[in-house]
Amino acid sequence: MARILLVDDNQDSRFAVIETLRKLTDHSIEEVDSGPATLERVRRSDYDLVLLDVQMPGMDGFEVCRRLRADDRTRRLPVLFLTATHYQVESRLKGLEVGADDFIVQPISNQELVARIKSALRVKALADEIRQHNTELESKVRQRTVDVEKLANQLRAERDTLRETFDVFDEGLSLVGPTGALEVVNAAGRRLYDSPVRAELESLAREAIAKAAPCDASVMHASRAFLARAYPVSGGRAVLSVRDITQDRDREVRRLQAEKLASIGMLAAGVAHEINNPAAFVLANIEALVAQMRLIEEKVRELQSMRSTLQTLIHACHGDERPDCPILDDMAGATDDRKAVHA
């Protein structure tokens with residue numbers, strides 16, 4: 001059921017229209033008899049349609065329609081002009097200029113009047129539905145825009161956090177696109193890509209993408225050693241990791257040198273052990289010989305003492321004549337041999 005405002009200064013005309021609409025429709029009909037009353041009524045209440053007489057004293061229907069169209073609140077309110085036959089052409093032209101929706105030329109049949117009103121209300125309903133739909137869409141678009149902006153801000157914050165996190169690592173990390181362009185790279189990776197080793201890193205990334213398997217390569221730059229490894233990922237891209245292994249390499253060299261020195265020490269100890277065994281044997285025999293020599297010397301001294309004693313006795317018994325004595329001769333020979341040995 002629609003609310004219709006009928007505007008006509010002729011009471012008989014208003015009565016005829018109201019009776020027709022009440023008999024043939026269930027719409028609510030309200031009536032006023034002037035232009036100012038019309039403007040006041042639409043400011044206080046909402047209507048679905050206005051049936052407006054063109055010829056009225058004071059403010060005519062054209063001025064009322066112009067003012068309705070100038071007000072944002074009533075600019076879309078359907079206005080059907082009621083006009084006489086002899087004003088038809090002129091009224092239509094002027095009515096189109098001020099924004100009328102339709103013209104009802106009186107006299108008109110009741111069925112046509114109802115049909116015209118029904119058509120205008122149907123157009124209004126469709127227009128209202130479209131406006132409501134547009135309003136809802138605009139609201140959803142605004143809300144979606146706000147949500148997207150929030151998500152974009154979150155993504156930007158996460159990107160910045162991730163970038164700051166990546167920049168903390170000394171290891172160069174980068175995401176290489178299908179064309180070789182860097183999509184994501186941390187500070188260490190950027191320094192390496194700005195150095196002469198860029199060609200080697202790009203070649204390694206292409207190799208990993210082509211083979212669809214991880215690939216490794218050793219890279220030297222500024223007297224430092226790097227281990228580069230490329231991992232293929234979706235989209236024909238590759239994740240490139242470059243690690244400085246200079247300290248690891250130096251530690252490995254020192255470890256190998258230490259192991260080499262330890263091996264040499266063990267070999268020297270074994271050789272010394274093998275040499276010490278015969279030397280110890282010879283030294284022990286020499287010490288035994290020296291001990292025997294000392295014993296012999298003591299025996300010789302004892303024999304010399306005995307010889308001297310015998311010579312004294314012999315001299316006492318025989319004077320200056322020396323008798324034959326083999327024992328004394330043997331003792332003298334032993335003494336001479338000992339002297340020869342010491343010499």
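The values are calculated or read from the model by the stated rules, or taken from the named source; none is laboratory data. Because the structure is a prediction, the values reported are computed rather than measured. Note that we place each Cβ from the backbone using ideal geometry, even for glycine, and neighbour counts take in every protein chain shown. Protein only, heavy atoms only, side chains kept; ligands, DNA and RNA dropped before computing areas. Shrake-Rupley method; radii C 1.70, N 1.55, O 1.52, S 1.80 Å.
In the set (1) more than 20 Å from Asp101 (Cα to Cα); (2) in contact with a strand residue (DSSP E or B) (Cβ under 6 Å, 6 or more places away or on another chain), Asp12 fails one condition alone, (2). Scanning region 176-207 for residues that are open to solvent by less than 60 Å² (accessible area, probe 1.4 Å), within 13 Å of Val242 (Cβ to Cβ) and touching a residue at least 24 places away in the same chain (Cβ under 8 Å) gives Val176, Ala188, Gly189, Leu192, Ser195, Val197, Leu201, Glu202, Leu204, Ala205. Being open to solvent by less than 100 Å² (accessible area, probe 1.4 Å), in a helix (DSSP H, G or I) and in contact with a helix residue (DSSP H, G or I) (Cβ under 7 Å, 6 or more places away or on another chain) holds for only one residue in Asp167, Asp128, and it is Asp167. Within region 232-272, count every residue that is part of a loop (DSSP other than H, G, I, E, B) and loosely packed, with under 13 Cβ neighbours inside 10 Å. Total satisfying the criteria: 2.
Exactly one residue out of Ala181, Ala217, Ala238, Ala222 is more than 15 Å from the chain's Cα centre (by Cα), of a type in the set (A, V, I, L, M) and modelled with pLDDT of 90 or more: that is Ala217.
Here is a yes/no grid of residues against (1) part of a helix (DSSP H, G or I); (2) at negative phi; (3) out of contact with any Gly (no Cβ under 8 Å at 6 or more places or on another chain); (4) open to solvent by 40 Å² or more (accessible area, probe 1.4 Å):
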residue: Ala37; (1), (2), (3), (4): yes, yes, yes, no
residue: Tyr47; (1), (2), (3), (4): no, yes, yes, no
residue: Val50; (1), (2), (3), (4): no, yes, yes, no
residue: Met56; (1), (2), (3), (4): no, yes, no, no
residue: Leu80; (1), (2), (3), (4): no, yes, yes, no
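In region 1-17, of all residues being out of contact with any His (no Cβ under 8 Å at 6 or more places or on another chain) and charged (D, E, K, R), the one that is most open to solvent (accessible area, probe 1.4 Å) corresponds to Asp12. List the residue pairs whose Cβ atoms are under 9 Å apart, where the first residue sits in region 73-84 and is over 14 Å from Leu96 (Cα atoms), the second is open to solvent by less than 10 Å² (accessible area, probe 1.4 Å) and modelled with pLDDT under 90, and the two are 6 or more positions apart or on different chains. Short answer, once both residue conditions are applied: Ala84/Val54; Ala84/Ser91. Considering the conditions (1) of a type in the set (D, E, K, R); (2) within 23 Å of Tyr231 (Cα to Cα); (3) open to solvent by 80 Å² or more (accessible area, probe 1.4 Å); (4) not in a strand (DSSP E or B), Lys140 is excluded by exactly one of them, (2).
Only one entry of Leu82, Leu68, Leu39, Leu21 meets the criterion of being under 20 Å from Ser109 (Cα atoms) and either at pLDDT 90 or above or β-branched (Val, Ile, Thr) (or both), and that entry is Leu21.
Residues that are among the aliphatic types (A, V, I, L, M) and either closer than 28 Å to Arg22 by Cα or in contact (Cβ under 8 Å) with a residue 24 or more places away in the chain (or both) within region 85-116 comprise Val98, Ala100, Ile104, Val105, Ile108, Leu113, Val114, Ala115, listed in sequence order.
Which of the residues spanning region 58-70 are in contact with a Leu (Cβ under 7 Å, 6 or more places away or on another chain) and open to solvent by 50 Å² or more (accessible area, probe 1.4 Å)? Step through it out loud before you land on a result.
In the first step, residues of region 58-70 are kept if they are in contact with a Leu (Cβ under 7 Å, 6 or more places away or on another chain); the result is 61, 64-65, 67-68.
The one that is in contact with a Leu (Cβ under 7 Å, 6 or more places away or on another chain) and open to solvent by 50 Å² or more (accessible area, probe 1.4 Å): Arg67.
Of all the residues in region 208-252, those that are touching a residue at least 60 places away in the same chain (Cβ under 8 Å), in contact with a Phe, Trp or Tyr (Cβ under 6 Å, 6 or more places away or on another chain) and of a type in the set (A, V, I, L, M) number 2.
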